[in-house]
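Undergrad: Before I ask anything, here is the structure I am working with.
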Amino acid sequence: MTDVASSSGAMEGGRGHFLANLPSGWGTVASVAGAWIVLIIASGLHRADFLSHQTLLAITFTMAIVGVLAVAQALIGISGGILDLSQPTALVLSASVVAWLLERGVPLPVVIVAGILVGAAWGLLNALIIVFGKLNPIIVTLGTNFIGQAVMFLVFQTAQAPINSDLVAFGRGYFLGLPNIWWPMAILVLLVGYFLPRTRYGLRAIAVGGNRLAAQARGISLKKTRFIVFSASGAVVGLAAILFASSNGPFSPTAGSTFQLPVIASVILAGVSLSGGRGSIWMILLSVAFLSTVPTSLVFFGLSSNWQAVFQGAILVVAVAIDGWRARRTLR
Amino acid sequence: MSAETTGAPTSVSGFDRHRLRDIATGSVTSIAVTLVAVIVVGLSWIGPNFLSASNVTIIGSFVAVPMLIAAFASFALLAGVVDLSIGSMVGFSSCMTAALVTAGRPMWGAALATLAACLAFGAVNGIAVVIFGADTIAATLGMLVALRGVCYLLAQPSGSLAAFDADFYAFTNMTIGPLPVLFVIALVLIAIAAIIVTRTRLGRHVQAVGGDDRAATRAGISVTRVRFGALLLSALGAGVGGILYVGQLGSASNLTGTGLEFQVYAAMMIGGYSIMRGGVGNPIGAALGLLVVAGTSNILDVQAISPYFTNIIVGLLLLAAVLLDRLRGGDAYE
C-alpha cells in the first residue's frame with residue numbers, strides 16, 4: 001500500500017504545470033506511513049495478537065466506506081469546492097432508496113444504478129444552488145444537510161436492506177481474505193487516482209481548484225466543471241451508500257454523520273488542500289488505513305471506544321496544523 | 001425577508017440620509033423584519049397566547065444560553081475565525097462541572113476549574129489556527145470531535161451526571177416578570193458586545209482583522225493577538241454556557257450541546273454574520289437571528305408540528321440569508 005502511494009507522489013511531482021504546485025508528495029507519504037507503522041508496531045508489541053487476520057478484517061472493514069467517501073470528498077477539495085458537509089445526507093438518502101427498491105424485489109443491477117444516480121442527483125442539486133446562487137459550498141451543503149436530514153426523518157425513522165437479499169450476502173462475504181466491500185473501495189481509489197490527472201475532465205477539475213481565474217482564461221467553464229465535479233462526487237457517495245446498505249443493519253437518517261470526521265481527516269491527511277488544486281487520490285488508501293487502524297489499536301490498548309473520538313479529533317487538529325505550517329512555509 | 005420591503009424614508013434631509021439607507025438595507029433590518037414576520041405569524045396562528053407571559057418565559061429560557069454563547073462567539077466570527085468546537089465545548093464544560101460537583105467540590109470551585117480548562121482548549125484552537133495557520137473549520141472540527149470524546153469519558157458509564165445545587169438551580173431558573181434572569185443577562189451581554197463592536201477601537205480592530213487581515217497588519221494591528229483572543233473568548237463563552245446548563249437542568253449528559261454549534265451559527269448567519277469571511281455582522285443581528293429560530297420552533301411546538309420542520313425552515317432561512325448577504329456585497333463564490 002505504501003508503495004502505491006509513494007509512486008503516486010513521485011508521479012505527480014514529475015507532471016506538467018497543472019500539478020506543478022503539488023507539495024513534495026514524499027513528505028506527506030513518509031509522515032503518514034511513519035505514523036501508521038509506529039502505531040502498528042506499538043500495538044503489536046503491547047499485544048502480540050494484534051497482528052492477526054482478525055485485526056486486518058476489522059481495519060479493512062472500517063476502511064471501505066470511509067475510503068469511498070474520502071474519494072468523493074477529495075474530488076470536491078481538489079477542484080476548489082472546499083468541503084461537502086452534506087455527505088451524511090447523500091449517503092443515507094441513497095442507502096434508503098437502495099433498501100426500499102430491494103424490498104420491492106427490484107433486480108440488484110438496477111438497484112445499484114439507482115443508488116449511484118440518487119447520489120449524483122443530490123450532488124447536482126448542491127451544485128445548482130452553489131453555481132446559480134454563487135454561494136459558498138460549505139454553507140450550502142451545511143444547509144442542504146440540515147434540510148435533507150429533517151425531510152428524511154419526516155419520511156422514515158429507520159431503514160434496512162432486506163437481510164435475505166443478494167446485496168446483504170455480498171456485504172457479509174469475503175474475497176481473498178478481505179471483506180468484499182473493501183475491494184470496490186480499493187479499485188475506486190486506484191481508478192480515480194489514475195484517471196484524474198490523465199483525463200480532460202480530471203485535469204480541468206484540478207486546474208479550476210488550483211487557480212480558477214487562470215483556468216477560466218484557458219477557456220475552462222467554471223460552472224460546467226462544478227456541475228460535473230459535484231455530480232461525480234455524489235455518484236461516488238452513491239457507491240458508498242450501496243456498500244453501507246450491504247454491510248449495516250437498520251440505520252436512521254442521521255447514521256451518516258459518524259463518517260463525516262474520519263472522512264475529512266483522511267482527506268486532509270492525504271495532503272488534499274482544502275483551498276484546492278492539490279492532492280493525491282492514491283494517498284487516501286494510506287491515510288484511511290492509518291485512521292482505520294486507530295480504533296482497533298485503542299481496543300488492544302484496553303482503552304474504551306470513547307477514546308476513539310478523542311484520538312480522531314486530536315489527529316485532525318495536528319494534521320491541519322502541520323498542513324497550515326507547511327502551506328505557510330511554501331508561501332514564504 | 002427582503003430588505004427592500006422596509007422602504008427607506010429617503011425624504012429625510014441632511015447627513016442622515018446615507019446612514020438611514022444603510023440601516024434600511026442592512027443585515028440587522030432584514031432580520032428584524034423577519035422577526036416581526038415570525039411574531040405576526042405566531043399571533044395570527046396561535047393567538048394572543050403567543051406573547052403571553054408563560055410562553056415568553058419558555059422562549060426566553062430556551063434561547064438564553066445560546067444567546068450568551070453567541071455574544072462571545074460573535075467576536076471570533078467577526079475576526080474571521082469560526083470556532084466550530086463550541087458545541088462540544090459546552091458539553092465538556094457541563095460534564096466537567098457536574099463531575100467535579102459530584103466529586104464533592106463546591107459549585108464555584110468546579111465552575112472556575114472548568115472555565116480554566118475551557119480556556120486551555122481554546123488556546124489549543126488558537127495555537128493550531130493562529131500560530132500554525134491551520135484551516136479554521138477543519139481544526140475546530142477536530143476539536144469538536146475530540147471534546148465530544150472527552151464528554152463521553154467524563155460521563156461514563158451511565159452517560160449522565162447529576163449535579164444539583166439548590167442555590168444555582170434557583171438562580172438560573174429565576175425570572176424578572178416574564179423574562180428569565182439568564183435571558184436578561186444574555187441581552188445585556190449582547191448589548192455590551194454590540195457597543196464594543198460598533199463604538200470602540202477594539203471592535204474596529206476586530207472588524208479590520210476579519211475584513212482584510214493583510215490591511216490590518218499594515219495598519220499596525222496584531223492579527224495574531226486579535227484572533228487568538230477571539231478564539232479564547234469563544235471558548236470562554238461556551239464554557240460559561242455549559243456551566244449555566246448544569247444549573248438549568250441540574251445535570252449534565254455526554255450529549256449536552258450536541259449540534260449547538262450549527263444552531264448558533266445558523267442563527268448568526270441568518271442574523272447577518274458569515275462563517276466564511278470576517279468583518280461582517282452585528283451582535284444585535286445574532287440575537288434577532290436566535291429569536292427568529294426560537295420563535296419559529298416555538299410556533300411549531302405549540303401547534304404540535306414535527307420539530308423537523310424547524311430544521312427545514314432554518315435550513316431555508318440560512319440559504320436565503322447567505323444569498324442576501326451576497327446580494328448585499330458579500331463574496332461571490334464561483
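Throughout, read-outs are computed from the coordinates displayed, never taken from laboratory work. These figures come from a predicted structure and were not determined experimentally. Every residue, glycine as well, gets a Cβ built from its backbone with ideal geometry; the counts of neighbours run over all protein chains shown.
Undergrad: Under a crude label model (7 Å from the Cα following the beta-carbon direction), how far is residue A:121 from residue A:201 in nanometres?
TA: 1.9
Undergrad: With only alpha-carbon pairs counted, each pair once and no self-pairs, how large is the Kirkwood hydrodynamic radius of chain B in angstroms? Could the numbers behind the result be given before it?
TA: Working: mean 1/r = 0.0487 Å⁻¹.
Evaluated on chain B, it is 20.6 Å.
Undergrad: Given 20 °C and 1.002 mPa s, compute D for segment B:91-163 with the Stokes-Einstein relation, Rh being the Kirkwood radius over Cα pairs; round to the nearest whole µm²/s.
TA: For the chosen part, D equals 164 µm²/s.
Undergrad: Per residue of chain B, what 222 nm ellipticity follows from adding -39500 (n - 2.57) for every DSSP H run with n ≥ 4, rounded to the nearest 500?
TA: The helix-only estimate for chain B comes to -23500 deg cm²/dmol at 222 nm.
Undergrad: For segment B:146-229, how big is the tail of P(r) above 18 Å, as a whole percent of Cα pairs?
TA: For segment B:146-229, the fraction of Cα-Cα distances above 18 Å is 68 percent.
Undergrad: Please check which bits of segment B:145-181 a label hung off residue B:116 would reach, taking the label as a point 7 Å along Cα-to-C-beta and the cut-off as backbone N under 18 Å.
TA: Label zone hits: none.
Undergrad: Also, I was wondering about something else. Using each residue's phi in segment A:59-70, evaluate 6.51 cos²θ - 1.76 cosθ + 1.60 at θ = phi - 60° and report the 3J(HN,Hα) Karplus result to the nearest Hz, with x for Gly and Pro.
TA: Karplus-based 3J(HN,Hα) across segment A:59-70 equals 5, 5, 5, 4, 4, 4, 6, 4, x, 5, 5, 5 Hz.
Undergrad: Separate question: In sequence order, what are the phi-derived ³J(HN,Hα) couplings for segment A:115-126 according to the Karplus relation 6.51 cos²θ - 1.76 cosθ + 1.60 with θ = phi - 60°, rounded to whole Hz, with x for glycine and proline?
TA: x, 5, 5, 4, x, 5, 5, 4, x, 5, 4, 4
Undergrad: Quick check: pseudo-label points 7 Å beyond the Cα along Cα→Cβ at residue A:37 and residue B:202, how many nm apart are they?
TA: The answer from the label model is 5.1 nm.
Undergrad: Kindly state, as a whole number, the per residue volume in cubic angstrom of the convex hull around the alpha carbon atoms of the protein assembly as shown. Let's see the in-between values first.
TA: Working: hull volume 114.7 nm³, N = 666.
With only Cα atoms used, the protein assembly as shown gives 172 Å³ per residue.
Undergrad: By how many nm would the segment from residue B:41 to residue B:171 grow when fully extended, if each residue of separation counts as 0.36 nm and the alpha-carbon distance is taken off?
TA: Taking 0.36 nm per residue and subtracting the Cα distance, the gain is 43.5 nm.
Undergrad: Amide H neighbours of residue B:163 under 5 Å, counting only residues 5+ apart in sequence or on other chains, H built in-plane at 1.01 Å?
TA: B:251, B:252
Undergrad: Calculate the FRET efficiency for residue A:30 and residue A:190 from the Cβ-Cβ distance with a Förster distance of 30 Å, rounded to the nearest 0.05.
TA: For R0 = 30 Å, the calculated efficiency reads 0.90.
Undergrad: Could you derive backbone 3J(HN,Hα) for segment B:273-283 from the dihedral phi with the Karplus parameters 6.51, -1.76 and 1.60 (θ = phi - 60°), listing whole Hz in sequence and x where the residue is Gly or Pro?
TA: So the Karplus estimates, Gly and Pro as x, are 7, 10, 8, 9, 9, x, x, 10, x, 9, x Hz.
Undergrad: How many percent of the alpha carbon pairs in segment B:240-283 exceed a separation of 16 Å?
TA: That fraction is 51 percent.
Undergrad: I want to check the label-to-label distance for residue A:217 and residue B:156. Put each point 7 Å from Cα in the C-beta direction and report it in nm to one decimal.
TA: It works out to 5.6 nm between the two label points.
Undergrad: Suppose the chain between residue B:127 and residue B:255 were pulled fully straight at 0.36 nm per residue; how much longer would it get relative to their current alpha carbon spacing?
TA: 43.4 nm
Undergrad: Could you list A:46, A:53 in order of exposure, starting from the residue whose Cβ has the fewest other Cβ atoms within 10 Å?
TA: Lowest count first: A:53, A:46.
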